[in-house]
Every structure is written in C-alpha cells, then in structure tokens.
Amino acid sequence: MHILLRHPWMGVRFIIMLGLGLLASGCATFQKEGCAQFEERQDDADYATQYRYSDSDSETAAGNFKSLPRGKNAVVRSYKMHIEPVKIKPCRHLTIRKEIYLQRTTKANLILEEVREFYAGNDMLITTKIESVGSQLRTTGYYASNSLLPIPETAPPGKYRIVSKLMLKTKNGSRPVQLAKTSVNFQILPRN
C-alpha cells in the first residue's frame, strides 16, 4: 500500500486491473443470468408486426409509380426487408425492418396476410409465421415496420434466411395470390 501512495498512477493501474479481473471472473455468471432474463422477458414481449403509415413517403412514392391498374384489387410496388445486426449471438433480439408501398382498392373483402418463413443455411424450412396485416394496410400508401425476432439460447450457430411474402386473399375463399416477396440472410454466432 505504501508503494501505491508514492506513485498515484500505480494505484489507478492496480484498481483498473483489479476491476477488470473481477469483471472477467463474473462474465460466465452474467451471461447465464442474461440468458435467463432474456427468456423470461420473451413471455411479455410483443413480436407482432406493426406497420406505420408515412404521409411524406406516400406522396413521394405516388409520384414515382404508376397508378393501380384497372381491374386489380392490390399491387405492391416496393417491398424491402433489412435486419440488424446481420451477425448475432443467442439471447438477443434481431430487429427486422420492412418497408412497403402498397396500392389497393378500398374493398372490404380484401384480406392481406404476411407470411414469414425461416430457413436454415441448407434451405430447410424451420418454421412459418402468418400475420394478418390488412387492418394496418387499409389504404394505398407507404408503410414501415420494426419488429423483433428473439434468438433463443438454444439456437445453433450457422447461417439463416428469412423470407417474407405479402399475400392477398378474398373472403370468398379463392386461392391466395402472392403480391410481393423479399428475403434477408443473417448468421447466429456461437454464444461464447
């Protein structure tokens, strides 16, 4: 202790090294608690896609695209998906950002569904999620959404792909029509 008082910079260095040592020794515990807390928070999280209408982007898009063709109930002129981060570890959330410019009639019998398919690197389908988005996409316009995808602790490392399709259905039960399709790739890294 006498040396620390004679050379203040050594005292600071000692405290920093001690702090780093304590932090490193607690990392395994912290990560384990982090995953447990992540899993608990998943029960309360809302993972539904929520589209927001944009006035300014709708005006710009209307000037850049042709009008809705005669006889068509709906047309998607732009459908993009981005993710953040592209590489992720388990016990974290992947953010999925989608942008769509939709032209549609105001007929009440249109049903819009978004189908999200998750594939492993070998193109094996892992799961499919279907969401009704017609009540959010009620009029012609530009819409954007952010949604979260939980990466569980048990997710195997590797490359994955998300495919998103916007489907049009009618209440009379006719076969759904694919209006648009987009996809993104991401990678799950080992937890350690």
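Could you please let me know if Thr49 is touching a strand residue (DSSP E or B) at 6+ places or on another chain (Cβ under 6 Å), at pLDDT 95 or above, of a type in the set (Val, Ile, Thr) and open to solvent by less than 60 Å² (accessible area, probe 1.4 Å)? No.
For the criterion of being of a type in the set (S, T, N, Q), open to solvent by less than 70 Å² (accessible area, probe 1.4 Å) and not in a loop (DSSP other than H, G, I, E, B), Thr182 passes.
Restricting attention to segment 82-126, the residues that are part of a strand (DSSP E or B) and either closer than 23 Å to Ser58 by Cα or under 14 Å from the mean Cα position of the chain (by Cα) (or both) add up to 27. Restricting segment 133-158 to residues that are in a loop (DSSP other than H, G, I, E, B), out of contact with any Leu (no Cβ under 9 Å at 6 or more places or on another chain) and not acidic (Asp, Glu), which is surrounded by the most Cβ atoms within 10 Å (Cβ to Cβ)? Residue satisfying both the conditions and the ranking: Ala155.
Looking at this structure, is Gly71 more than 21 Å from Tyr51 (Cα to Cα), at pLDDT 95 or above and of a type in the set (Gly, Ala, Ser)? Judged against the criteria, Gly71 is not a match.
In the set Arg161, Arg97, Arg116, only one residue is buried (at least 17 other Cβ atoms within 10 Å of the Cβ), among the basic types (Lys, Arg) and modelled with pLDDT of 95 or more; that residue is Arg116.
The listed residues are Ile111, Ile88, Ile130, and the only one of them that is within 23 Å of Leu179 (Cβ to Cβ), in contact (Cβ under 8 Å) with a residue 40 or more places away in the chain and either open to solvent by less than 40 Å² (accessible area, probe 1.4 Å) or of a type in the set (Val, Ile, Thr) (or both) turns out to be Ile111. Among the conditions (1) closer than 29 Å to Pro85 by Cβ; (2) touching a Lys or Arg at 6+ places or on another chain (Cβ under 8 Å); (3) at pLDDT 95 or above, Gln103 misses just one, which is (1). Taking the criterion of being within 16 Å of Leu112 (Cα to Cα) and in contact with a Ser or Thr (Cβ under 7 Å, 6 or more places away or on another chain), the residues of segment 144-180 that qualify are Ala144, Ser145, Ser164.
The values are calculated or read from the model by the stated rules, or taken from the named source; none is laboratory data. Keep in mind that this is a model prediction, so the values were computed, not measured. Positions of Cβ are generated from backbone atoms using ideal geometry, with glycine treated the same way; all protein chains shown enter the neighbour counts. Just so you know, the surface numbers come from the protein's heavy atoms only, side chains and all, with ligands and any DNA or RNA stripped out. Shrake-Rupley method; radii C 1.70, N 1.55, O 1.52, S 1.80 Å.
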